[in-house]
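The block underneath contains the structure these notes are about, expressed in structure tokens.
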Amino acid sequence: MEGRLAYLRWRRFLELAALDRPWVARLLAPKHGAGPAPAEHWDGVYQAGAYDRLFNSDERHHHRLLAALVAGRIPKPSVLEIGAGEGAFYDTLAPFSPSRYLGIDLSEVAVERARARLGLHAHKPSGLFPRPVRRKVEFAVGDGAAYAPTETFDVIVFAECIEYLGQPEDFLAHYARFLAPGGIFGFTQWLNLRPIQIAHQIKALAPVLDEALISAPWGGAWQVWTCDPPGPR
Ligand SMILES: C[S@@+](CC[C@H](N)C(=O)[O-])C[C@H]1O[C@@H](n2cnc3c(N)ncnc32)[C@H](O)[C@@H]1O
């Protein structure tokens, strides 16, 4: 435990140095590693219970800060979350009474678990002229690199998934089309050299509104920020 903490602290030193020095991240980040993975990979991760810990209180301070930041700027927002997993961020957002929430994830296992946990099992329309029912809170399977919703949102959140969505300029431009007027993006990301590079790219494209670092005593740390979409408002 002592050894692990010492390692995490050494890593944290490098990560903090990389936060405002993009060249440090470029120099030290592994050239290969995490990146887009197929749905089966994520299904396996959820089936193995590897992400059960994401519901632990001391793994969710970043969700708490992001939920407060977005609801502080836009009360009762409509929210699209990309990479929503089993809905841990939704749990944190719910006390802020979002007017609408749609969570998208590549993993069917994660989406099914979110629906089961929140009692949201798909409603089957019945009757002579069945009409689809849209619920206020929904989870759906989709590829967050290019998911195209049929509505706009006040806030689009990316919680710990910017590494898996392809080029930042592409997914930012794509999702900017689905922001309501005055809408914003929200991000949280585990502090690590590779995603720090992606965060630098995003911040160079999209003007930052709020930004903070969260650090937990057990060694975990996250960057949290909100931003306007790229380009003129
Ligand atoms: C580290 S987990 C974060 C889960 C959740 N957002 C949280 O903060 O607790 C990364 C999530 O991104 C999802 N993911 C990965 N690639 C994706 C893609 N292309 N489209 C949508 N979701 C994706 C995974 O299935 C997984 O749920």
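Within the same chain, aspartates and glutamates fewer than 8 places from Lys76 are excluded, and of the rest, those with a Cα less than 12 Å from its Cα are Asp154.
For a straight C-alpha distance cut-off of 17 angstrom, the aspartates and glutamates reachable from Lys31 (same-chain residues fewer than eight places away being disregarded) are Glu15, Glu163.
Work out, in µm²/s and without decimals, the Stokes-Einstein translational diffusion coefficient of the range 1-46 at 4 °C, 1.567 mPa s, Rh from Kirkwood over C-alpha pairs. Mind showing how you got there, number by number?
Values: Rh = 13.0 Å.
Result for D is 99 µm²/s.
The largest-to-smallest principal axis extents of the Cα set in the range 24-154 are 63, 36, 28 Å.
Its convex hull of Cα atoms gives the chain a direction-averaged projected area, equal to a quarter of the hull surface, of 13.8 nm². Over the chain, DSSP H runs of length four or greater, each weighted -39,500 (n - 2.57), average out per residue to a 222 nm ellipticity of -11000 deg cm²/dmol.
For the chain, give me the percentage of DSSP beta bridges that are antiparallel, rounded to the nearest 5 percent. In the chain, approximately 40 percent of DSSP beta bridges are antiparallel ones.
Values in this text are rule-based calculations from the coordinates and carry no lab data. Remember, it's a predicted structure, so these values are computed and weren't measured experimentally.
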